[in-house]
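Each remark here refers to the structure printed beneath this line.
The values are calculated or read from the model by the stated rules, or taken from the named source; none is laboratory data. Remember, it's a predicted structure, so these values are computed and weren't measured experimentally. Virtual Cβ from ideal backbone geometry, glycine too; neighbours counted across all protein chains shown.
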Amino acid sequence: GAVVSQHPSWVICKSGTSVKIECRSLDFQATTMFWYRQFPKQSLMLMATSNEGSKATYEQGVEKDKFLINHASLTLSTLTVTSAHPEDSSFYICSARDTYGYTFGSGTRLTVV
Amino acid sequence: EDKVVQSPLSLVVHEGDTVTLNCSYEVTNFRSLLWYKQEKKAPTFLFMLTSSGIEKKSGRLSSILDKKELFSILNITATQTGDSAIYLCAVADNNAGNMLTFGGGTRLMVKP
């Protein structure tokens, strides 16, 4: 089946630094990928839709200058959390639509200290 | 704006019990409804439903969609402790590209 590889799985960074999260479709091409954020005991909240070769579409309330998305190829999308603050600590998950449905990456747990 | 509501929010049962999880939705142009199971990490796919009244089954899990009443249920029979997880329902809207709208999830705990 389709596989989406996401890394890192877990990252701790200092406040004010930037963190890049990669999401890669391993055996299929993904023109569109989705980035979600999940706070403890809450559901997945869509942050943005990443489109290969064009600008990402951000959901209301998500700062595009803070959460930089790059989708430079059909198999790779990256999310960079810039100038991270403790309130950005969360679980970030990417997903891509494949032939049969949606495949999720394994998620990245970000802790900003 | 698409909306997905799941109930109950949380459920505690004993092994062997049967549970029914509910998902109701409002969507502009329905394409499909999906169920996921989430344990510690990313959600894992359970079912995709597109047609009303056709039950999908996988082992002890089954799901059905009612497009007239705009809801779906996920049934788990003979529950086991390994079924403890958050169950997420999501809808795909033809008018929203490939985007999914998720419900708030139902947290299921199965006690031995």
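Inspect segment A:42-50 for any residue being out of contact with any strand residue (DSSP E or B) (no Cβ under 7 Å at 6 or more places or on another chain), under 16 Å from A:THR108 (Cα atoms) and at pLDDT below 90 and give the result as yes or no. Yes; the residues of segment A:42-50 include at least one that is out of contact with any strand residue (DSSP E or B) (no Cβ under 7 Å at 6 or more places or on another chain), under 16 Å from A:THR108 (Cα atoms) and at pLDDT below 90. Within segment A:89-109, residues that are at negative phi and at the interface with chain B (Cβ under 8 Å from one of its Cβ atoms) reach partners that are part of a strand (DSSP E or B) and of a type in the set (Val, Ile, Thr) with beta carbons closer than 7 Å, at six or more positions or on different chains, in the pairs A:SER95/A:VAL4; A:SER95/A:THR103; A:ARG97/A:THR32; A:THR103/A:VAL4; A:PHE104/A:VAL4; A:PHE104/A:ILE93; A:GLY105/A:VAL4; A:GLY105/A:ILE93.
The residue of segment A:9-28 that is modelled with the lowest pLDDT, among those that are outside any strand (DSSP E or B) and among the charged types (D, E, K, R), is A:ASP27.
Contact annotation: no residue pair with Cβ atoms under 8 Å, 6 or more positions apart or on different chains, pairs a residue in segment B:80-102 that is within 11 Å of B:LYS37 (Cα to Cα) and without any contact (Cβ under 8 Å) to a residue 60 or more places away in the chain with a partner that is acidic (Asp, Glu) and assigned to a strand (DSSP E or B).
Looking at segment A:12-66, which of the residues that are within 12 Å of the chain's Cα centre (by Cα) and more than 29 Å from B:VAL5 (Cα to Cα) is surrounded by the most Cβ atoms within 10 Å (Cβ to Cβ)? Of everything passing the filter in segment A:12-66, A:ILE21 is surrounded by the most Cβ atoms within 10 Å (Cβ to Cβ). Hey, can you tell me all the residues within segment B:68-78 that are surrounded by fewer than 21 Cβ atoms within 10 Å (Cβ to Cβ) and either touching a strand residue (DSSP E or B) at 6+ places or on another chain (Cβ under 7 Å) or among the small types (Gly, Ala, Ser) (or both)? Matches in segment B:68-78: B:LEU70, B:PHE71, B:ILE73, B:ASN75, B:ALA78. Note on segment B:79-103: residues that are of a type in the set (Gly, Ala, Ser) and either in contact with a Lys or Arg (Cβ under 7 Å, 6 or more places away or on another chain) or crowded, with 18+ Cβ neighbours inside 10 Å (or both) amount to 5.
Look at A:SER83 and say whether it is in contact with a strand residue (DSSP E or B) (Cβ under 9 Å, 6 or more places away or on another chain), more than 14 Å from chain B (Cβ to nearest Cβ), of a type outside the set (A, V, I, L, M) and loosely packed, with under 14 Cβ neighbours inside 10 Å. No, not satisfied. Going through (1) touching a strand residue (DSSP E or B) at 6+ places or on another chain (Cβ under 7 Å); (2) within 12 Å of chain A (Cβ to nearest Cβ) one by one, B:LEU65 falls short only on (2). The set of residues from segment B:68-90 being within 14 Å of another protein chain (Cβ to nearest Cβ) and under 10 Å from the mean Cα position of the chain (by Cα) comprises B:ILE86, B:TYR87, B:LEU88, B:CYS89, B:ALA90. Might you let me know whether segment B:94-107 holds any residue that is of a type in the set (A, V, I, L, M, F, W, C) and away from chain A (no Cβ under 13 Å)? No, segment B:94-107 contains no residue that is of a type in the set (A, V, I, L, M, F, W, C) and away from chain A (no Cβ under 13 Å).
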